[in-house]
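Q: Before I ask anything, here is the structure I am working with.
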Amino acid sequence: MEVRTWPSRRMPPPGWVVSPDLSEIYGRNVIVRRNSLSRIRRKVGGRKKDRLEKEGKLQMILGGLLMGAGLLGRRR
């Protein structure tokens, strides 16, 4: 899989496309081969999903701890 950073003002060469998923991750335009775009979307999509699941679990735990601390603070 070939990936390259690319200036934003220039059109990619024939056979290459700008990948919005990788561009979002790296913060600059990233181009990939046209036939690799679906594979990259699958990989990036899976990573985003895993990261969101981990963040959600952490937020639930922290929310529970804060709620517990609030309830303990009321009773005293």
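The values are calculated or read from the model by the stated rules, or taken from the named source; none is laboratory data. Being a predicted model, the structure only gives us computed values, none of them experimental. When we count neighbours, we look across all protein chains shown, and the Cβ atoms used for this are built from the backbone with ideal geometry, even at glycine.
Q: Taking interchain pairs and intrachain pairs at least six residues apart, which have beta carbon atoms under 9 angstrom, with the first residue in the range 4-18 and of a type in the set (Lys, Arg) and the second surrounded by 10 or more Cβ atoms within 10 Å (Cβ to Cβ)?
A: 4/12; 4/16; 4/30; 4/31; 4/32; 10/29
Q: If you don't mind, there's one more thing I want to ask. Select from the range 14-40 the residues that are touching a Phe, Trp or Tyr at 6+ places or on another chain (Cβ under 9 Å), surrounded by fewer than 15 Cβ atoms within 10 Å (Cβ to Cβ) and not in a helix (DSSP H, G or I) and list them in ascending order.
A: Answer for the range 14-40, where residues must be touching a Phe, Trp or Tyr at 6+ places or on another chain (Cβ under 9 Å), surrounded by fewer than 15 Cβ atoms within 10 Å (Cβ to Cβ) and not in a helix (DSSP H, G or I): just 28.
Q: Then there's this: So is residue 66 at pLDDT 85 or above, in a helix (DSSP H, G or I) and either under 13 Å from the mean Cα position of the chain (by Cα) or surrounded by 10 or more Cβ atoms within 10 Å (Cβ to Cβ) (or both) or not? Working first, answer last.
A: Working: at pLDDT 85 or above: yes; in a helix (DSSP H, G or I): yes; either under 13 Å from the mean Cα position of the chain (by Cα) or surrounded by 10 or more Cβ atoms within 10 Å (Cβ to Cβ) (or both): yes.
So residue 66 fits the description; yes.
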